[in-house]
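Q: Next up is a structure, given as structure tokens.
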Amino acid sequence: MADIARLSLNTATVRTQWSLAQCIDGCVRHGIGTIGPWRDKLRGLGTEQAAKMITGAGLKVSGLCRGGTVTASDKAARQAALDDTRKAGDEAVALSADCLVLVVGGLPDGSCDIAAARDQVNDGIGALLDHARACNLPLAIEPLHPMYAADRACVNTLAQANDICDDLGDGIGIAIDVYHLWWDPELKAEIARARGRILGFHVCDWLVPTRDLLVDRGMMGDGVIEIAKIRSWVEAAGYHGPIEVEIFSEGDWWRRDPDEVLKTMIARFESVV
């Protein structure tokens, strides 16, 4: 099983219950040493204050979620998206985050051309790299499940993310989320190919049945993903950093007492991950 010291709370797991300040306090009370904030939580507290509180609590930041929605229907919208991701990068640097997680965007409005959207992703991330490299901030592409190709991310396999990294070089890597990639028959080989560029590892579970494809993720051990096996592949590829628990669960975990959520998360991390 995974070393409990590697556990990171992604704030999405208690998104509806706690502010970022409460998440920080919850991590301290439950002995969790790392946190993965989302930018909506960050805005509620302010980057400077959040950085002070996280540092003061002795916590590390595994990654900031998220930037990178770089597909758009016109030049002005693409530029606005790039500017927002550069701002997200500055926020990640202020938090001393290990990386900025990129969810790259789906089809531009009115488009059915997914190949063109993927070309926009390559060009957009390439345009971000000078700023990221100057800040010494790694950018982590997070491939999303194909069901999100149209509206959230047109990078849907680890092979696609590896190809982008091959094209763009230093400063770009990958966040592997088991919810999005567990189904891929090439996953083991592509994780091995990703050696040296894995920047994050996110876990939860795929429920059967899944009642909502966005907000019905399961606690580890409640679904069908072979999480420990995938973790072993990630570790064989050289990644031994934080493991974020990121659970979107409108009908279950977001309705529970957040301290219960963290206690269960810790127990399942120890027994399942």
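Q: Can you give me the long-range amide H partners of Ile176? Hydrogens built in the peptide plane at 1.01 Å from N, cutoff under 5 Å, separation of 5 or more residues or another chain.
A: Leu199, Gly200, Phe201, His202
Q: On the principal axes of its Cα set, how long, how wide and how thick is the stretch 192-273? Give whole Å, largest value first.
A: So the extents along the principal axes, rounded to whole Å, are 38, 25, 19.
Q: Once phi is turned into ³J(HN,Hα) by the Karplus curve 6.51 cos²θ - 1.76 cosθ + 1.60 with θ = phi - 60°, what whole-Hz value does each residue of the stretch 125-135 show in order, with x for glycine and proline?
A: Karplus values, whole Hz, x for Gly and Pro: 5, x, 5, 8, 5, 4, 5, 5, 5, 5, 8.
Q: Within the chain, how many lysine pairs that are 8 or more places apart, or on different chains, have C-alpha atoms less than 19 Å apart?
A: Taking the Cα cut-off of 19 Å, the pair count is 7.
Q: Right, something else. Rg/Rh for the stretch 9-77 to two decimals, with Rh computed the Kirkwood way over all alpha-carbon pairs.
A: 1.08
Q: Report, in deg cm²/dmol and to the nearest 500, the calculated mean residue ellipticity at 222 nm for the chain, where each DSSP H run with n ≥ 4 adds -39500 (n - 2.57) and the sum is divided by the residue count.
A: About -13000 deg cm²/dmol.
Q: For the stretch 65-71, what does the Karplus curve 6.51 cos²θ - 1.76 cosθ + 1.60, with θ = phi - 60°, yield as ³J(HN,Hα) per residue in whole Hz, taken in order and with x for Gly and Pro?
A: 9, 8, x, x, 6, 9, 8
Q: Expressed as a whole percent, how much of the Cα-Cα distance distribution for the chain exceeds 36 Å?
A: 8
Q: Per residue of the stretch 104-121, in order, report the coupling 6.51 cos²θ - 1.76 cosθ + 1.60 (Karplus, θ = phi - 60°) as ³J(HN,Hα) in whole Hz, putting x for Gly and Pro.
A: Result, ordered by residue: 7, x, x, 6, x, 3, x, 9, 10, 9, 6, 5, 5, 4, 5, 5, 4, 4 Hz.
Q: Per the Kirkwood treatment, what hydrodynamic radius in Å, one decimal, follows for the stretch 92-250 from the mean inverse distance over all distinct Cα pairs?
A: The answer is 16.1 Å.
Each value in this text was obtained by applying a stated rule to the coordinates, not by laboratory testing. Bear in mind that the values here come from a model prediction, so they are computed numbers and not experimental data.
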